[in-house]
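Bear in mind that the values in this text are calculations on the coordinates, not laboratory data. Bear in mind the structure is a predicted one, so any value in this text is a computation, not a measurement. Every residue, glycine among them, receives a Cβ derived from its backbone with ideal geometry; neighbour counts consider all protein chains shown.
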Amino acid sequence: MDRWHGQSPCPGREWHGGHLKLTDFGLSRHLRRGERAYTICGTLQYMAPEVLSGGPYSHSADWWSLGILLFTLATGKFPVPPERDHLAMLASVNRCSYESPGSLSRGLSLLLSELLCRNPLRRLRYLHHFKSHLFFRGVTFDAELLQKHPVDVVVAARQAEAAALESSVAFADFDCDLLASLSRPWPG
């Protein structure tokens, strides 16, 4: 078995000393402190109410999305079912009460209620609030310390032929040729 060192064989994934970092910034925008945006873009289920309504919105919309992600990871379902467009999704978001299931811990339920607050000015949105939150009590946020104790994960390298075959099957339902040469301009 081989370990990944430095560069990952998988695009969009990095491997740093035992810490896997997954990113997807296909629809992202850098906002300076205090700047607002008005673009309605992204995955409907993760959009904050202020994004669904056309803005203005700020970084606090990202904390809403984190709340949706945490809720989904903890429960296996979205707090609001998907809708056909942003207006229908906004109506559903405004009707939903976002009650956490009783099976969740008190700390996680509190965190979700603070992230899924419809009013962005009252939403949990600063890192120092997370660090002192009940849910994260006992968690170390020291990045240097975290890097000193990497997660012990061993990843087996797959044969290139098997990976190519699996990816062609996995993308069989896609309209575009994702396996095309990267030398051609996108879209292919």
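Overview of values
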| quantity | calculated |
| --- | --- |
| FRET efficiency, 1/(1 + (r/R0)^6) with R0 25 Å, evaluated for residue 27 and residue 131 via beta carbons | 0.30 |
| Estimated FRET transfer efficiency when R0 is 30 angstrom, pair residue 142-residue 77 (beta carbons, to 0.05) | 0.35 |
| Those residues of the range 85-103 whose amide nitrogen sits under 19 Å from the label point placed on residue 38, 7 Å along Cα→Cβ | 86-87 |
| Over the range 13-148, relative contact order from alpha-carbon pairs under 8 Å, at least 6 apart, % | 19 percent |
| For the range 13-148, size of Cβ-based charge dipole, Lys and Arg +1, Asp and Glu -1, in debye | 240 debye |
| Additional length obtainable on full extension of the chain from residue 105 to residue 85, 0.36 nm per residue less Cα span | 3.9 nm |
| Viscosity 1.306 mPa s, temperature 10 °C, Stokes-Einstein D of the range 13-148 from Kirkwood C-alpha radius, µm²/s | 97 µm²/s |
